[in-house]
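A quick write-up on the structure given underneath.
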Amino acid sequence: MLRLDVRLEYDRRRAAESVFEAVCPDNEGYVESELDGKAIAFRLEAESAGALKNTADDLLACVRAAEEACGLARSGPEGEE
C-alpha cells in the first residue's frame, strides 16, 4: 500500500474551512481529511503508484475548483495568467 500525505495551509481559518467543506463530500471513501486550524491535512492511500497519482490529481483539481469558487486561487506565478 502506498500513502501520500498532503497539507494545504491558508492565510485564514475561514478559507481553510471553505475549501474543506467543498472537497470533503467528493473524497469520502477515497481520501482521509482533517481540518487543523488554517490548514487541511489529506491522507491518500492506493495499491499502485498510478492509482495514487490519479487520486492525487483528482483531489488537487477539486481543491483548485474550490479555491477558485472562494476567490482564493491565483492564476499562476505572481498572479500571471
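Read-outs throughout are calculated quantities, based only on the coordinates presented, and are distinct from any laboratory measurement. The shown structure was predicted, so the numbers you read here are calculated from the model rather than taken from an experiment. Heads up, the Cβs are rebuilt from the backbone with ideal geometry, glycines too, and the neighbour counts pull from every protein chain shown.
Hey, can you tell me all the residues within region 54-74 that are charged (D, E, K, R), more than 9 Å from the chain's Cα centre (by Cα) and within 17 Å of LYS38 (Cα to Cα)?
Once the filter is applied, which keeps residues that are charged (D, E, K, R), more than 9 Å from the chain's Cα centre (by Cα) and within 17 Å of LYS38 (Cα to Cα), region 54-74 yields only GLU67.
Return the residues of region 53-67 that are acidic (Asp, Glu) and under 15 Å from GLY29 (Cβ atoms); say none if nothing qualifies.
Taking region 53-67 as the starting set, the residues that turn out to be acidic (Asp, Glu) are 57-58, 67.
Within region 53-67, ASP58 is the sole residue that qualifies.
Would you please list the contacts, defined by Cβ atoms under 8 Å and residues six or more apart or on different chains, that run from a residue in region 38-50 that is at negative phi and touching a residue at least 60 places away in the same chain (Cβ under 8 Å) to a residue that is part of a strand (DSSP E or B) and surrounded by 14 or more Cβ atoms within 10 Å (Cβ to Cβ)?
If the second residue must be part of a strand (DSSP E or B) and surrounded by 14 or more Cβ atoms within 10 Å (Cβ to Cβ), no pairs are left.
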